[in-house]
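See structure below.
None of the figures in this text is laboratory data; all of them are computed from the coordinates on show. Here the structure is a predicted model, which is why all the values come from computation and not from measurement. In this analysis, Cβ positions are derived from the backbone assuming ideal geometry, glycine residues included, and neighbour counts consider all displayed protein chains.
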Amino acid sequence: MVDVTKKTEIEADAEAPVVRRRTSPMQFFTEVRREMSKVTWPSWKETWLTTMMVFIMVGLTMVFFSVVDFVLLYGEQILIGARRLF
């Protein structure tokens, strides 16, 4: 037996995917240049500040995980009896 299903209203109203035609490499690069001209590029100051913020956050994350690693190592050594609590 073949299962027959009815199309729902949602499926009937859905748009078919648009089939794009192939373009030449020259047209592709022309469109790329056109789109690149629309991009708002950050200034040197914005780039510098963003880079510094990334380095600061990496440093803070490094310190945080180093402290967590040290605390877990200390706790492990206490549990296995290699170090005393005080």
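Some notes on this structure:
- Cα gyration tensor shape of the stretch 42-86, rounded if a/c is under 1.5, else prolate or oblate by comparing a/b with b/c: prolate
- Extending 7 Å from Cα along the Cβ direction at Thr23 and again at Phe55 yields two label points whose distance is 4.0 nm.
- Karplus-derived 3J(HN,Hα) values for the stretch 79-86, using 6.51 cos²θ - 1.76 cosθ + 1.60 with θ = phi - 60°, are 5, 8, x, 7, 8, 8, 5, 10 Hz; glycine and proline are entered as x.
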